[in-house]
Protein chains: 2
Amino acid sequence: MAAGRARPRGEERRAEILRAALEVIAERGYRGASLGAVAERVGLTQQGLLHYFPTKEALLVAVLEARDQWDAVPHGEWRLDLLGSLVEYNAMRPGIVQTFSALLGESVTDGHPARPFFTGRYEAVRASFAAVLRAEYGERLPGGLTPEAVAPLMVAVMDGLQYQWLLDPESVDMPGAFRAFLALLGAGPGQHLD
Amino acid sequence: MAAGRARPRGEERRAEILRAALEVIAERGYRGASLGAVAERVGLTQQGLLHYFPTKEALLVAVLEARDQWDAVPHGEWRLDLLGSLVEYNAMRPGIVQTFSALLGESVTDGHPARPFFTGRYEAVRASFAAVLRAEYGERLPGGLTPEAVAPLMVAVMDGLQYQWLLDPESVDMPGAFRAFLALLGAGPGQHLD
């Protein structure tokens, strides 16, 4: 209001609001989150927040888009060892994992605004993982499975392990469990250890 | 109130309320659910509902306990083919799967009343699955993994596939994907097809 330090520019303010929204969603879920709680965390009135995000749903969309920007690897550049690194990285950021695990859970409830995002995202991720598996293993994986048959399992393992790990981080070694899944797939056709 | 059909006994009324609570949680999640909405669905006032379940949390606990009762297989009697049948069965009851996927998602948010239930349940389920895997495959599974290393992956696959299937039932064949996971584990040491 008065003099003091310069008011952050709009871009910075938006980023601050997004960070606060991630926290509030991690704590309460989206349906349990209120714009007032997000506003309070960044020292804005609710009216002030609405200047940046006119609705709660607009804020959710921005959170989901930001996630995709941060984590995006250009199409066709994923490799199996990078996925292992991503799981290691996720184990260092429980807050973000909590936000998105909570949102995924809510997204299956009726008419949830995150549902189209997750539906579309999983379709793309399954296709992307199938391409990664094909590049690593060729057309046939253990059990005679195609890359397309294994891709949804790899997605499911990543998501499911996140819940087990968030609930019980002392007992569940998320990166180790993901490596165990890769061990089930074998060492890859080019690197067989016989 | 007046004559008409006999008022259901307490037990029946409780069962009705639990069914209504399952539906409302599937639609809105637990945090988004209200006792008023549950009461309305069974034709009770909120005050009337409180006679059966004094708090929203007591109703949640009853829902979770009911799930465990319905689905319980006596300890030591699970077999790998029964798990496949359970996944087939789940694919016939999307409402129940939606309720528990929504609750699992919420359970990782701060201070959620379902968290202790899910934490304890996963610990027990991992132990139970490890015993099933040991009975089927012995001490070593593909990739040199122990039954204890594969058990959390099997849990994760079941949970993760439920989200993908609920979001996109046309694209995701949940029972088929679970069978693909079992194919990754091989045919079992006694039944190797070489």
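The values are calculated or read from the model by the stated rules, or taken from the named source; none is laboratory data. What you are looking at is a predicted structure, and each value in this text was computed from that prediction instead of being measured. Here the Cβ is made from the backbone with ideal geometry for all residues, glycine too, and neighbour counts use every protein chain on show.
So the values come out like this:
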item	result
The range B:25-71, residues that are of a type in the set (Ser, Thr, Tyr) and either closer than 21 Å to A:Ser34 by Cα or within 14 Å of another protein chain (Cβ to nearest Cβ) (or both)	B:Tyr30, B:Ser34
Selection within the range A:127-154 - in a helix (DSSP H, G or I), surrounded by fewer than 23 Cβ atoms within 10 Å (Cβ to Cβ) and facing chain B (nearest Cβ under 8 Å)	A:Pro142, A:Gly143, A:Gly144, A:Ala149
Qualifying residue in the range B:135-155 (condition: of a type in the set (A, V, I, L, M), under 29 Å from B:Lys56 (Cβ atoms) and touching a residue at least 40 places away in the same chain (Cβ under 8 Å))	no
Positions within the range B:109-125 being assigned to a helix (DSSP H, G or I) and either more than 8 Å from every other protein chain (Cβ to nearest Cβ) or touching a Gly at 6+ places or on another chain (Cβ under 8 Å) (or both), in sequence order	B:Pro116, B:Phe117, B:Gly120, B:Arg121, B:Ala124, B:Val125
Flag for B:Leu82 being among the hydrophobic types (A, V, I, L, M, F, W, C), out of contact with any strand residue (DSSP E or B) (no Cβ under 8 Å at 6 or more places or on another chain), over 24 Å from B:Ala15 (Cα atoms) and outside the structural domain of B:Arg14 (by TED's automatic domain parsing)	yes
Test for B:Leu166: is it of a type outside the set (S, T, N, Q) and in contact with a strand residue (DSSP E or B) (Cβ under 9 Å, 6 or more places away or on another chain)	no
Residue in the range A:121-133 that is among the aliphatic types (A, V, I, L, M) and in contact with a strand residue (DSSP E or B) (Cβ under 8 Å, 6 or more places away or on another chain) present	yes
Scope the range A:78-133; condition without any contact (Cβ under 8 Å) to a residue 24 or more places away in the chain and touching a Pro at 6+ places or on another chain (Cβ under 6 Å); matching residues	A:Ala130
